[in-house]
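Below is one structure, written out as C-alpha cells, with a few remarks after it.
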Amino acid sequence: MPLEPASNIVHALKYEGWAAVATEMAVRMARLSWPRDVVEERAALVPIPLASARKRQRGYNQSALIARELGALWRVPVWEHVIARTRETSSQTRLTPEQRLDNVAGSFCVMGEKHGGLRGAHVLLVDDVVTTAATLNTCAKTLYESGARIISYVTFGRAHASGDRL
C-alpha cells in the first residue's frame, strides 16, 4: 500500500534527515482553528522529548523543530526542556496500543527548574504524529501532576494504530 503524502513528509523528517520540512509542517499546523480562550491563555508549547540515542542518530528532535516554528508563528514561547525522558523506550511503531502504554509508562519527568512556570498554565504538547496518544497522555499526566492546569495537544498527523477500523 503506498504511503500518503503526509506520511511521506513525516517519514522524511524522522528517518531521512529532512529537518527543513518542519517549517512547512508548522505552517500548516498553525492554520488550525482553536477556541478563542485557548488562543488567549496558551502559555507555552512543549515538544515531546526524543530519546537521547534517537536524537544523536537524527541530529535533532523533530517535535522540537515543529514547536519552534509554531512558537514563532503563534508568538508563544517554547519550553523545550520542561519534560525529560527518565529512560530510553523502544520504538512504538510496531507495538499494540496496550504495549505502547506499557512502553512509555513512567518514562517522563518535569525538570525541576521549569516546574514553577507550569503552575496553573495552559500548555500545548507538540508532536509530529499521534497514533494511540500513549506518549502524549503520559507527558500530559506528568505536566498535570507538576501543576499545569490545562494540556492541549497539537500534531501534524494521525497514524493508524493496530486495531483501528479503516
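For this structure, a couple of remarks:
- In region 1-75, the C-alpha radius of gyration followed by the widest Cα-Cα span (Dmax) gives 13.9, 42 angstrom.
- Projected label distance in nm at Trp34 and Lys141, using a 7 Å step from Cα toward the beta-carbon: 2.5
- 5 angstrom amide H check on Ala159, placed H, neighbours 5+ away: Val130, Thr131
- Taking amide H as placed 1.01 Å from N in the peptide plane, the amide H of Ser152 sits under 5 Å from that of Val123, Leu124, Leu125, each at least 5 places away or on another chain.
- In this rough spin-label picture, where each label sits 7 Å from Cα along the Cβ direction, the Lys55-Arg149 distance is 3.0 nm.
- Potential lengthening between Arg119 and Glu4 on full extension [0.36 nm per residue; Cα-Cα distance subtracted]: 37.4 nm
Quick note: the coordinates plus some simple rules give every number you see, no bench work behind them. For clarity, every value in this text was computed on a predicted model and none was experimentally measured. Counting neighbours? That spans all protein chains shown, and the Cβs are built from the backbone with ideal geometry, glycine included.
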